[in-house]
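Here, each number is a calculation from the coordinates, and none is a lab measurement. None of these values were measured; they are calculated from a predicted model. Here the Cβ positions follow ideal geometry from the backbone for every residue, glycine too, while neighbour counts run over all protein chains shown.
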Amino acid sequence: MYIGAIEAGGTKIVCGIGTASGEIIDRIAFPTDRPDGAMARIEAFFKEKPIAALGVASFGPIDLDPASPTYGSVTTTPKPGWSGFDFVGALRRAFPVPIGWDTDVNAAALGEATWGAAAGLASCVYYTVGTGIGVGVYAERRLVHGLVHPEGGHVWPRRHEQDRYEGNCPYHGDCLEGLASGPAIERRWQAKGSELPADHPAWEMEAHYLAQAVAGTVLLLSPGKVILGGGVMKQSHLFPMIREGVARRLNGYVSHEAVRERIDAYIVPPGLGDNAGLCGAVALGLNALGGGPANA
Ligand code: ADP
Ligand code: ZN
């Protein structure tokens, strides 16, 4: 049985075919054009492929409330043509199969909980630190929705005392995303993150912000694992700095051995690597079919 998977990101859309065990056997990627262009490429890719269901992991914000008249649409985005676009509706018209739909980061959390770093655990939190910062929450074996969906990239950290950068979130200025996303690093230091050496002060500042976010998440949700992905986390030296910063802030208060003794195995990169989102979309498709690998 094959599941169609779509990972729709701000810069590119990835389409893939996955198996029930989460293996990706075919894929294509193209830039996130306007919706009509994207739909044409999506239809061309899946046409005549024997998919039993589709899973869609989308950039947000999106409408996830099945009772809402605009369920399945992208809500407020500056991306040309996408604001208000009925993504699930367009897919339904093209493909008569069950469709699973969630945020890219919720999907990645589900993928990791199904086949990745949190496999077998009842909970995990997935952060992506890239063009933006997004947070997916899997708790009690379900993806967490709510009024809309978690938006943990926009919480406010305490500022680093040497940080004079005003922050670039269009809504909040110096929220976490405004201070610690890839573009924030680039504007603060006038250089791309990938070009800054490991001993550059940028990374101590970055770890200052991310460690606060992760410590807050551990206190608020008590997840079984915290997974940090996205382009910025390719700087693997950030992991020990963030772990140390989390342990120092929690200061022994969260008395579980996962945090106190095995934090190296608690705050980790995605087990599925760059496939976390696409595998998550496969898991969403399996859930839409019913009897999937986990309940979303
Ligand atoms: P997106 O968030 O658009 O889906 P990414 O997760 O790749 O894509 O994030 C892109 C951001 O991550 C850019 O701001 C880029 O500068 C930054 N980035 C990508 N690779 C690295 C790297 N190796 N080191 C530091 N920053 C990186
Ligand atoms: Zn913000």
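Assorted remarks:
- Computed magnitude of the charge dipole of the range 117-269 (debye, nearest 20; Cβ of K, R +1, Cβ of D, E -1): 300
- Ordering Ala207, Gly280, Gly136 by the projection of their Cα atoms onto the charge dipole of the chain, which places +1 on the Cβ of Lys and Arg and -1 on the Cβ of Asp and Glu, puts Gly280 at the extreme positive end.
- Full-stretch length increase - Ala67, Ser194 - with 0.36 nm per residue and alpha-carbon distance subtracted: 41.4 nm
- The chain, relative contact order [Cα under 8 Å, separation at least 6], %: 23
- Footprinting exposure proxy for Met233, Met241 (fewest neighbouring C-beta atoms within 10 Å first): Met241, Met233
- Considering only Ser194, Asn168, Ala57, and ranking their Cα positions along the charge dipole of the chain that arises from unit charges at the beta-carbon of Lys, Arg, Asp and Glu, the one farthest toward the positive end is Ala57.
- Each residue of the range 256-261 was assigned a 3J(HN,Hα) from its phi angle through the Karplus expression (A = 6.51, B = -1.76, C = 1.60, θ = phi - 60°), giving 10, 5, 4, 8, 6, 10 Hz with x at Gly and Pro.
- Sites counted here are trypsin sites (Lys or Arg not before Pro) in a DSSP loop (not H, G, I, E or B) having no more than 13 other Cβ atoms within 10 Å; the longest part of the chain that contains none of them is 48-140.
- The range 117-269: antiparallel DSSP beta bridges as a percent of all, rounded to 5: 60
- Using θ = phi - 60° and Karplus 6.51 cos²θ - 1.76 cosθ + 1.60, couplings along the range 21-33 (whole Hz; Gly, Pro as x): 9, x, 7, 9, 9, 7, 7, 9, 9, 8, x, 6, 7
- Column: log10 I(q)/I(0), Debye, Cα scatterers of the chain, q = 0.14, 0.16 Å⁻¹: -1.00, -1.27
- Taking each of Lys49/Lys192; Lys47/Lys192; Lys79/Lys192; Lys47/Lys234 in turn, the alpha-carbon distance tops 30 angstrom for Lys49/Lys192; Lys47/Lys192; Lys47/Lys234.
- Dipole magnitude for the chain: about 140 debye, using +1 per Lys or Arg Cβ and -1 per Asp or Glu Cβ, origin at the Cα centre.
- Convex hull volume per residue for the range 117-269, taking Cα atoms only, in Å³: 108
- Distance (nanometres) between label positions extended 7 Å along Cα→Cβ at Tyr253 and His237: 3.1
- Anchor Lys12: aspartates and glutamates whose Cα lies under 19 Å away (excluding residues fewer than 8 positions away in-chain): Asp26, Asp33, Asp36, Glu43, Asp86, Asp102, Asp104, Asp274
- Within the chain, the longest segment free of exposed loop sites, counting GluC sites (Glu not before Pro) that fall outside DSSP classes H, G, I, E and B and have at most 14 other Cβ atoms within 10 Å, spans 167-260.
- Residues whose amide H lies under 5 Å from that of Ser58, counting only those 5 or more places away or on a different chain, are Ala8, Asp102, Thr103, Asp104; hydrogens are built 1.01 Å from N in the peptide plane.
- Rounded to the nearest 5, the antiparallel percentage of DSSP beta bridges internal to the chain is 60%.
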